[in-house]
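**Q** Questions regarding the structure given below will be posed in turn.
The values are calculated or read from the model by the stated rules, or taken from the named source; none is laboratory data. None of these values were measured; they are calculated from a predicted model. All Cβ positions, glycine included, derive from the backbone under ideal geometry; neighbour counts span all protein chains shown.
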Amino acid sequence: MLATSSRTEGMIVQAKILIVEDEPAIAELLSFNVMQAGFIALRAEDAPTAWQQIRDHAPDLILLDWMLPETSGVVIAKQLRADARTCDIPIIMLTARGDERDKILGLESGADDYITKPFSPRELMARIRAVLRRHIPIMPDENVSAGGLELSPTTHRVTAKDHSIDLGPTEFRLLQFFMTHTERVYSRAQLLDQVWGTQVFVEERTVDVHIRRLRAALEPAGMDNLIQTVRGSGYRFSAN
């Protein structure tokens, strides 16, 4: 599953950024700036390592160097776009090539953005945030009340009367989405897009696991029946 990213004031933090760069000094610099910006940095120095990181950690975005040993970044980008499991992962191409034809080639290979070395760390972080916003759903920051539940995104707390409900990050986002979209039925695929993001490549049945966990957390407060199964269609949050 792709990263479950927490958000503060509409900004995406803790998203996983895979840095595919074979020059150690540049990779180290990128990692430092990525972590300073509040993201999780993953690293790979070549194509095989990059694919292993993608399989193991499902990054939210890939910083992909054009010039890599054996397999170029352009080839990797095309392979990512051709695979149904990875076709929606955002890619920012990193390269020393500043020629317009190279930029066009990089974008046509499937990159979402392109930045030329040397680059400003501030500019790169701004590019990362802009691309992530286009791909990862951002939940509202306002407190929400529904069905007797009170949810606070800023404090990550859920209460039901005198009960405090402990939720993991995925169950919290799932409940937040349901509470802001009550009564409507959502399929598993729709929930994956709305809660996990459009670039996830996990089984739809994963949603069922998190629904069970959410219901189990709500059960002590007698609120588990708020999450209803609609046979053959999906799930809905209903206080009726």
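**Q** Does segment 48-60 include one or more residues that are in contact with an Asp or Glu (Cβ under 9 Å, 6 or more places away or on another chain), closer than 15 Å to residue 94 by Cβ and not in a loop (DSSP other than H, G, I, E, B)?
**A** no
**Q** A further question on this structure: When segment 135-150 is examined, which residues are found to be farther than 18 Å from residue 15 by Cβ and either β-branched (Val, Ile, Thr) or assigned to a strand (DSSP E or B) (or both)?
**A** 144, 145, 146, 149, 150
**Q** Can you work out which of the residues in segment 61-93 that are small (Gly, Ala, Ser) and assigned to a loop (DSSP other than H, G, I, E, B) is modelled with the lowest pLDDT?
**A** Filtering segment 61-93 for residues that are small (Gly, Ala, Ser) and assigned to a loop (DSSP other than H, G, I, E, B), the one modelled with the lowest pLDDT comes out as 84.
**Q** Out of the residues in segment 17-46 that are touching a helix residue (DSSP H, G or I) at 6+ places or on another chain (Cβ under 6 Å) and of a type in the set (D, E, K, R), which is nearest to residue 94 (Cα to Cα)?
**A** So, considering only residues that are touching a helix residue (DSSP H, G or I) at 6+ places or on another chain (Cβ under 6 Å) and of a type in the set (D, E, K, R), the one nearest to residue 94 (Cα to Cα) is 21.
**Q** Shifting gears a bit: Counting only residues that are in contact (Cβ under 8 Å) with a residue 40 or more places away in the chain and among the small types (Gly, Ala, Ser), which one in segment 204-221 is farthest from residue 146 (Cα to Cα)?
**A** By that ranking, first place goes to 217.
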